[in-house]
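Some notes on the structure that comes next.
Read-outs throughout are calculated quantities, based only on the coordinates presented, and are distinct from any laboratory measurement. No experiment lies behind these values; they were computed from the predicted model shown. Because the Cβ atoms are built from the backbone with ideal geometry, glycine has one as well, and the counts that use them run over all protein chains shown.
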Amino acid sequence: MTAFTSTKPYMIRAIHEWCVDNGCTPHLLVAVNSRTRVPLAYVKEGEIVLNLNYSATKDLQITNDAITFSARFGGISQNLFVPINAVRGIFARENGQGMFFEIEPDLAPISDDSAQQKPDVEPALNAEKPPSTKKPTLTIVK
């Protein structure tokens, strides 16, 4: 009997298409490991959420092996590479509906400490601000 290909990339493409067809913003939850190429400044607890909307990406390709695209982070265009086994989920930002996957055993996430040591990829996701060590405060403006 031949080995079947994984259903995971097909499900990712289907949920992405469903989000776009329904006017929702598809977001990808990624467990960052040594093979992923994402802006490490925005990795929190070994994960990052990426906006996969066509308006936020360029040359988006979801193949059976990886998701590749370029996006602007802090005004600088960067090429991203996410292996399919690093995808933890895909969901609509507006309502949270989507699909989440079990962590694959060969996936070894990197810690926040090791992410700080990697100099080759940096700036940030255009839709989100980097984590701050200072607590947010509200100021009344008159």
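Could you tell me which of PHE101, VAL30, TYR42 has its Cα farthest along the dipole of the stretch 1-112 towards the positive end, charges placed at Cβ (Lys, Arg +1; Asp, Glu -1), taken about the Cα centre?
TYR42
Tell me the label-point distance for the pair ASP59, PHE4, using the 7 Å Cα-to-Cβ offset, in nm and rounded to one decimal.
The answer from the label model is 3.4 nm.
Got a sec? How would ILE76, ILE15, ILE67, ILE84 order by Cβ neighbour count within 10 Å, fewest to most?
Fewest-to-most Cβ neighbours within 10 Å comes out as ILE76, ILE84, ILE15, ILE67.
Within 10 Å of each residue's Cβ, count the other Cβ atoms and sort CYS19, CYS24 from fewest upward.
CYS24, CYS19
At a Förster distance of 25 Å, what's the computed FRET efficiency of GLU102 paired with SER70, Cβ-Cβ distance as r, to 0.05?
Efficiency, rounded to the nearest 0.05: 0.30.
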